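As structure tokens, the structure follows; a few thoughts come after it.
The values are calculated or read from the model by the stated rules, or taken from the named source; none is laboratory data. This structure is a prediction, so every number in the text was calculated from the model and none was measured. Note: ideal-geometry Cβ built from the backbone for every residue, glycine included; neighbour counts use all protein chains shown. What goes into the accessible areas is simple: the full protein's heavy atoms, side chains included, and nothing from ligands, DNA or RNA. Shrake-Rupley method; radii C 1.70, N 1.55, O 1.52, S 1.80 Å.
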Amino acid sequence: MPDSRKGRPAPSGSPQDVTTVLLSVRESATKINPFVTMLVNALRADPTVSVEFFSWPRALTARYDVFHIHWPEAVTRGPSRIRRATSLMLSLLLLLRLRIRRTRIVRTAHNLAPHESGWPGERLILSAFDRATDAWITMNAHTPLPEGSRGQVIPHGHYRDWYRVPALTETGAPELLYFGLVRSYKGVDSLAAAFSGAEALSHFRLRILGKPDPSGVSIALQQLIADDPRIEPDFRYVPDADLAAAIARARLVVLPYKNMHNSGAVLLALSLDTPVLIPANPITRDLQTEFGSDVVKLFDGELTSAALAAAVAELPDDGFMGSIDMSSREWSLIAQSHAKVYREVRAW
């Protein structure tokens, strides 16, 4: 298909071989999102790529070759009704500018859909961004893309550059751990019920670390916690150092999501040399093939006491797994793959 964007000159003042990329995330995201920080740091080590963070003035007036979209709903939303309406209007202007200037759009599909629904107008704008996307990046081979789309699999990187593996000596009862936001689709109720019903795990304790979503902790989970003193909740955002220590101390991280797609939590646990128990699906089976069944353990259907106890029984008695090989998730390799995508879309 002919493409009038071929041969487009490089931005004024930029070398021909440097691709300027504007991310859809703001620089403030580096304070709370390790993925953003580690990706940007790795990309900025590549002399062929110039990466900038998002701001509305920059998006609407600056010169750049590629607009790389992560979590597009973060662009279209705001903390108030007026801010949301303003963001939607600016998003329309941005779409128009990208089309007029023939700026390439790359989109990373982190999730199958936003975790929270937005306004109907937002859904229309997000669909328009999807249609305008030139190339998609997925983190696994099973993410569905719009028909006819160009796609490239670039996996999620490890967290060893962000969370150091702490040296710990286990004290007290051995621990199982759930960490992350406590949301209904993450199956924390099922985990607590399975743990309470597993007689073989009577000498273990279960720690639940994470802030609940606005709907709060379910009545069922509250009752399970009240009935079983071995379940220890900590419903708050946990500082990085405390989280790393909790993960490294745990015998097993259990993430019983009802629907698991891409999960940075899985990679974080493995980065800290802690095995995981996660639901079986094509994506998690690929993870098990990549890292091994001794550190990626799967269960089918609803998590049961039997499945939880069986996974724990397979662990070493001393809790020591050794260092998990994360070489396939090095950020330098991931940055190289991103730079290749940027160069390719710029040349189309």
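Highest mean packing comes first when the peptides 247-255, 19-27, 83-91, 234-242 are listed by Cβ atoms within 10 Å, giving 247-255, 19-27, 83-91, 234-242.
Geometric descriptor of the chain, per residue, is 143 Å³ (volume of the convex hull of the Cα atoms). Along region 59-72 the Karplus relation, 6.51 cos²θ - 1.76 cosθ + 1.60 evaluated at θ = phi - 60°, assigns HN-Hα couplings of 5, 9, 10, 6, 9, 8, 8, 9, 9, 9, 8, 10, 6, x Hz to successive residues, with x for each Gly and Pro. Taking the longest Cα principal axis of the chain as reference, the axis of helix 120-132 is set at about 70 degrees. Karplus-based coupling profile of region 291-303, in residue order and whole Hz: 9, x, 6, 6, 10, 10, 10, 10, 10, 9, x, 6, 5, with θ = phi - 60° in 6.51 cos²θ - 1.76 cosθ + 1.60 and x standing for Gly or Pro. Distance between the modelled labels on residue 89 and residue 56, one decimal in nanometres: 0.9 nm (7 Å Cα→Cβ projection). Ranked by the mean number of other Cβ atoms within 10 Å per residue, highest first, peptides 144-153, 324-333, 33-42 order as 33-42, 324-333, 144-153. Would you mind telling me the share, in percent, of accessible area of the chain contributed by carbon and sulfur at probe 1.4 angstrom? The C+S portion of the solvent-accessible surface of the chain is 54 percent.
Among the protein heavy atoms, those of residue 213 account for about 40 Å² of accessible surface (1.4 Å probe, every chain in place). Each label was represented as a point 7 Å from its Cα along the Cα-to-Cβ direction; for residue 234 and residue 213 these points are 2.4 nm apart. Summary value for region 148-277: 36 percent relative contact order, contacts being C-alpha pairs under 8 angstrom separated by 6+ residues.
Can you bin every Cα-Cα distance in region 138-286 into 10 Å intervals starting at zero and give me the percent of pairs per bin, rounded to whole numbers? Calculated P(r), rounded to whole percents: 10, 38, 34, 14, 4, 0. If you count Lys pairs in the chain whose Cα atoms are under 24 Å apart, skipping same-chain pairs closer than 8 places in sequence, the total is 7.
Given their separation in residues at 0.36 nm each and the Cα-Cα distance between them, residue 112 and residue 30 gain 27.2 nm when the chain is fully extended.
The residues of the chain have, on average, 49 Å² of accessible surface per residue, using a 1.4 Å probe with all protein chains present.
Go through 208, 149, 305 and say which Cα lies farthest out towards the positive end of the charge dipole of the chain; charges sit on Cβ, +1 for Lys and Arg, -1 for Asp and Glu. Looking along the dipole axis, the top candidate is 149. Here the label points at residue 343 and residue 18, each 7 Å from Cα along the C-beta direction, are separated by 1.7 nm in the simple model.
When you restrict to C-alpha pairs under 8 Å that are six or more residues apart and normalise by the size of the chain, the relative contact order lands at 18 percent. Suppose a student asked you for the relative contact order of region 150-222, using Cα pairs under 8 Å spaced at least 6 residues apart; what percent would you report? Worked out over region 150-222, it gives 39 percent. A cut-off of 5 Å between modelled amide H atoms, ignoring neighbours fewer than 5 places along the same chain, links residue 20 with 50, 65, 66.
Per-residue 3J(HN,Hα) values for region 211-216, derived from phi via the Karplus relation 6.51 cos²θ - 1.76 cosθ + 1.60 with θ = phi - 60°, read 8, x, 6, x, 6, x Hz in sequence order (x marks Gly and Pro). Here's how it looks for residue 182: its modeled amide H is under 5 Å from those of 211, 213, which are all 5 or more places away or on a different chain.
Our note on the geometry: Cα centres of region 168-221 and region 29-51, 33 Å apart. Rounded to the nearest 10 degrees, the inclination of helix 81-100 to the longest alpha-carbon principal axis of the chain is 50 degrees.
The Rg/Rh ratio of region 26-153, with both radii computed over alpha carbons and Rh defined as the Kirkwood radius, is 0.94. Rg over Rh for region 130-170 works out to 1.30, using Cα positions for both radii and the Kirkwood form for Rh. Helix 34-44 and the long axis of the chain differ in direction by around 40°, with both axes built from C-alpha atoms.
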